[in-house]
Structures are given as structure tokens and as C-alpha cells.
Amino acid sequence: MDKIGILGQGDFPIENEIRMRHIAALPKYLIWSTLLSISIGCQNDDNGYLPLTQDENEELSGGETTVFDASPNAFGFQAPNLDDVNGLHFFTGNSLFNQNWVTAPASTTARDGLGPLFNARSCSGCHFKDGRGRPPKFDGEKSFGLLFRLSVPGTDSFGRNLPDPNYGGQFQDDVIQGLAVEGSLRVEYEPMVVTYPDGTSVRLQKPSYSFYDLNYGPMASHLQVSPRVANQMIGLGLLDAVPESTLLSYADENDLDSDGISGKPNYVYDVVSQSTKLGRFGWKSNQPNLKQQIAGAFSGDLGITTSLFPEENCPPGIDCATVANGGDPEITDENLDKVVLYSATLGVPVRRNFDDQDVLEGKQLFERTNCTACHIPVLQTGPYPIKALENQTIRPYTDLLLHDMGSDLADNTPDFEADGDEWRTPPLWGIGLLETVSGHTNLLHDGRARNIEEAILWHGGEATKAKEAYMELPATDRTKLIDFIKSL
């Protein structure tokens, strides 16, 4: 896989030979956008209008890890500043991420142990082209990256949710040969109409879920179901490298400044240190670091054991050691670490149209409506085991904190210290390329929003004032705000 990246920070001088080679590799519209950003300056037109200008380097969302690519492969390039040794590990991790796992025993012992229950045969089964999952389009369609966490009220001694007695902590809709699948899933949508003050209306869809043809007994009568769609993979190591003190500086759990925004950290169990740590990954920030997030996905999504999670997901009455065991653990620590490195060092695509006047006006509107209270534009990374990710100025548009998003978005499932109506602020970088990479524009934790506008209109709770401010804008300004988000 060829890699196209940027080097260094500062201005974007056209005399720099290295950067000009990168510019030459860009699509034409990105070339013109880059060159215009150099020339636009502070020129006045005949009417004395002073054009808006972008902040220095704000197009470089991932700092030195930014990649110049807007193709369907835009999420799949390694960070261009990665050293040669880690670059080799990146490609091994890429192979492990994309190739299918098989049922044990098999001749390929490094890749056997799938299941016995699972949602996907590879990591890319949920993160196709390192992109984002979506809800099923029809009854019986196998998972495309929408998973369902199952739990009953209460927690174990580590603060983790208690699983359903028969179906465990995650509903899995696929199975190895010779066993019965857990069951089937149905998604139904109830229409909801939202009307703007100017009379324009938008038809939203509110999902409901049901499980049927169950093969391992009834589900708990007091079952808690939490849908979680697979997110895009870009920039994960950068988010892991943001110092804890930075994230906590945005927390205001008791809303002491009375602005209606009360960012809340989640504190979760770290299985390696056997202690409580700040959560930052997952839709409810329920994982403390990238390695545990990935090991959890191997366990829940593929049925692959790791040294972090050595127990098989087994239906009642099945001895998994006799039907599916591919080793102890089924992925070695060495290979797990390579998948972690791959996931950590996927570069973030450069912004498009970042100097367009409508986009810059949309940026101002994004700030004016106070969307930046949760979607923090700029963060700085700190020390990190992967040197390429250290000390980078990044623009992910997130605080990685929990926020009350209102009853309409609630899953009513606590997760460590996260309440049933609280969700982590999702990063916005790459959002404008989702359709190009993943073939859809479904957003939010369950993919119910079919585009950015619908996602905004679903905001509630702490985000109600920001949503209402957006709805009060003239239609042309609403378009500009969305165009700004699409540029990220």
C-alpha cells in the first residue's frame, strides 16, 4: 500500500520540494484548495470585504500523521512519520486486521480459533476499509458492524456489567459449523418529524430492536440492550496519546460554570494493571486504552481469546475447549501488539475545502452555536510509546468525555460510571469521507441518523441549546455549518 503524507508543521511553502511532491499526488480539487490557501491571505475585494482565512495548519487534522488522500482507501494509510521498524509491524498488523480467521483446528495455526460464536470473521468485517459500520438493511442481514451489548442490572466486583445468563455480554449472529446460532435480529423504525422554525421539516427514524428464533433459551426479562456501531479506525493512537490531565481539564461534572455542559469522565477497569483508569475508547468511554479496546473486540466480535481476555464466549451446555479452541491464547501477544500498532498509527486524512469561504463561515457558526463545548477542536498529544504520535497538534473535535444526550438517544444501560443517557463525544475527523470509504453516511451510536443533519437533530440533553441554536439559523447558514463538518 502506497502512503501519501505530509511532513513537518508550520506554513505550507510551495518552494518546499518534499511538500510539492505530496501536492502533485493530490486530486486536482485538493491541489487548488491547497494553493488557494496560500494566496488568499487578507485580500479585499472591490466592496472592501475581508475574506475569512483558515487557522495555520488547521487542514492537518492529524498533525504530522496527516495523509493526503480522499479516495475510498483514505482511512487505510499508515502515519507518514512512522519509523521503518514500526512501518513493517504496521503491514503485519494490517494483514492480521483484514484476513479472515478460521475455525480450529486448522493448518494456519496463527489464524485459527474463530468463535464458536462471533459477529465477524475479521476486524475489517465490521471496519471495512478501516471505516464505519451500519445497521442491517433487511431482516437476516449479517452484522455490518452494529453490535448489541447485553446486560442485566448490577455489576461484578470490578464494576463491569453483568451479562445475560444465556446469551452473555454480546449478541452474536454467526456461529461455527455444527452449532446453532444464538438467534436473529430485527430492526424496525418509527418515523419522527422535526420542524424547523422556518417551517422546513425533516423525517427522522427511531429504531427499535427485537431478537427472535432464539436457540439457547429465553433472554432475561429485565435485559438491557445497548446498540453500538463500529467506528472508523483513524487517529486512535493520537487519542490514546492525549494526556489524561488535558481531558480532565474539560470535565465539569457538576456544571460549576452553569453553561449547561457537564463533561464527565468515565473510570473503568484496566485488566492489565488491575486498577481503575480513565476511560477514553468505546461509545461510553468504557475502555481505558487502545490495547484493551482491541482485545475486547477480538473476544466479543470474533470469539478470539487473548491474554487480556482468555475465556471463550460459550453458549450454555457447550464445551468450547473441544469445538473451537485455537490455542491459549488464540492470538499471541506479539500479534495482538501488531494489530494494536496498526490501529494506533492509521493516519488521519487531510481536510478538504478548508479555505472555502462558506466552509469558514460554517466554522464560525459551529463555534457560535456552541458545538465546540463538547467537540473540542484542538488537542495536543503527550509522551507515548510510539514516537510518531508524540507532541502532535491534532484536530479531532472531541473531548472524549461523557455527556447526557437526552432520553431519545438513551439506551438505558449504565456502563461503569456512564449513565443510560450518556455517550462519549465522538471525534468528527474523517466524517466527510464516510460515504466515500464506507458507502453510507449513517451516524450516531446506532447508525439511526442517515446524515449529518439528522445526527444534529437527534441531539438532546446537554446539547439541546446547541441544537436549537442550529435550528434557528437560516437554511443557508445551516448548509454552511454542515459543509464545515463535511470538510473535517
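Per the Kirkwood treatment, what hydrodynamic radius in Å, one decimal, follows for segment 374-420 from the mean inverse distance over all distinct Cα pairs?
For segment 374-420, the Kirkwood estimate is 13.1 Å.
Arranged from highest to lowest average of other beta-carbon atoms within 10 Å per residue, in what order do the peptides 477-486, 283-292, 155-164 appear?
283-292, 477-486, 155-164
Return the FRET efficiency for the residue pair Leu88, Asp328: r is the Cβ-Cβ distance, R0 is 30 Å, and the value is rounded to the nearest 0.05.
0.65
Expressed as cubic angstrom per residue, what is the convex hull volume of the alpha carbon set of segment 210-254?
Dividing the Cα hull volume of segment 210-254 by its residues yields 185 Å³.
Sorted by packing (mean other beta-carbon atoms within 10 Å per residue), highest first, where do 73-83, 338-348 land?
Packing order, densest peptide first, comes out as 338-348, 73-83.
Given a Förster radius of 41 Å and the C-beta distance between Leu256 and Asn73 as r, what FRET efficiency does 1/(1 + (r/R0)^6) yield to the nearest 0.05?
0.35
Under a crude label model (7 Å from the Cα following the beta-carbon direction), how far is Glu472 from Asp198 in nanometres?
With each label point 7 Å from Cα toward Cβ, the separation is 1.5 nm.
Quick query: amide H of Ala449 versus all other amide H atoms, modeled in the peptide plane; which residues come in under 5 Å with a sequence gap of 5 or more or a different chain?
Sorted by chain and number, the residues that satisfy this are Leu443.
Kindly flag which residue pairs out of Lys264/Lys291; Lys284/Lys465; Lys142/Lys206; Lys206/Lys338; Lys284/Lys486 have an alpha-carbon separation exceeding 29 Å in this structure.
Beyond 29 Å between Cα atoms: Lys206/Lys338.
Could you give P(r) for segment 64-140, binned at 10 Å from zero, as whole percent values over all Cα-Cα pairs?
Pairs per bin, as whole percents: 16, 36, 31, 16, 2.
Can you give the FRET efficiency to the nearest 0.05 for Asp419 and Glu390, using r as the Cβ-Cβ distance and R₀ = 25 Å?
Working from the Cβ atoms, E equals 0.15.
Is the shape of segment 152-268 rounded, prolate or oblate, going by the alpha carbon gyration tensor and its root eigenvalues a ≥ b ≥ c, with a/c under 1.5 for rounded and a/b larger than b/c for prolate?
Oblate, since a/c reaches 1.5 and b/c is not below a/b.
Using the Kirkwood radius over C-alpha pairs as Rh, can you work out the diffusion coefficient of the chain via Stokes-Einstein at 25 °C, viscosity 0.890 mPa s, in µm² per second?
104 µm²/s
Quick check on segment 411-481: take the gyration tensor over C-alpha atoms, sort the square-rooted eigenvalues as a ≥ b ≥ c, and tell me if it's rounded (a/c under 1.5), prolate or oblate.
Note, shape of segment 411-481 comes out oblate.
Mind grabbing the base-10 log of I(q)/I(0) for segment 142-198 at q = 0.13, 0.15, 0.18 Å⁻¹? Debye formula, identical points on the C-alpha positions, no solvent, two decimal places.
Taking Cα atoms of segment 142-198 as identical point scatterers yields -0.55, -0.66, -0.80.
Along segment 72-79, what does the Karplus equation 6.51 cos²θ - 1.76 cosθ + 1.60 (θ = phi - 60°) give for ³J(HN,Hα), rounded to whole Hz, x for Gly and Pro?
Per-residue couplings from phi come out as x, 9, 4, 8, x, 9, 6, 4 Hz.
Hey, can you rank 209-219, 231-241 by average C-beta count inside 10 Å, highest first?
Going by the mean number of other Cβ atoms within 10 Å, highest first, we get 231-241, 209-219.
Going by a ≥ b ≥ c, the root eigenvalues of the Cα gyration tensor, does segment 50-94 fall in the rounded group (a/c under 1.5), the prolate group (a/b larger than b/c) or the oblate group?
oblate
Got a sec to turn the phi values of segment 191-199 into Karplus ³J(HN,Hα) couplings, 6.51 cos²θ - 1.76 cosθ + 1.60 with θ = phi - 60°, whole Hz, x for Gly and Pro?
Values, residue by residue: x, 9, 9, 10, 10, 6, x, 7, x Hz.
Between segment 243-289 and segment 454-473, how far is it from one alpha carbon centroid to the other, in angstrom?
23 Å
Equivalent ellipsoid semi-axes for segment 70-229, as square roots of 5 times the alpha carbon gyration tensor eigenvalues: give them largest first, rounded to whole Å.
31, 27, 16
Write down the Kirkwood hydrodynamic radius of segment 377-450, to one decimal in angstroms, obtained as one divided by the mean of 1/r over all alpha carbon pairs.
Radius from the Kirkwood sum: 14.6 Å.
Roughly how many debye, to the nearest 20, is the charge dipole of segment 85-175 about its Cα centre, given +1 on each Lys and Arg Cβ, -1 on each Asp and Glu Cβ, and no other charges?
It works out to roughly 300 debye.
Ratio of segment 304-422's C-alpha Rg to 2.2 N^0.38 Å, to two decimals?
Relative to the rule-of-thumb radius for its length, segment 304-422 sits at 1.58.
List the trypsin sites (Lys or Arg not before Pro) within segment 54-145 that fall in a DSSP loop (any state other than H, G, I, E or B) and whose Cβ has at most 16 other Cβ atoms within 10 Å.
Lys137, Lys142
Any read-out appearing in this document is the output of simple, stated calculations on the displayed coordinates, not a laboratory observation. Keep in mind that what you see is a predicted model, and the values were worked out from it rather than measured. When we count neighbours, we look across all protein chains shown, and the Cβ atoms used for this are built from the backbone with ideal geometry, even at glycine.
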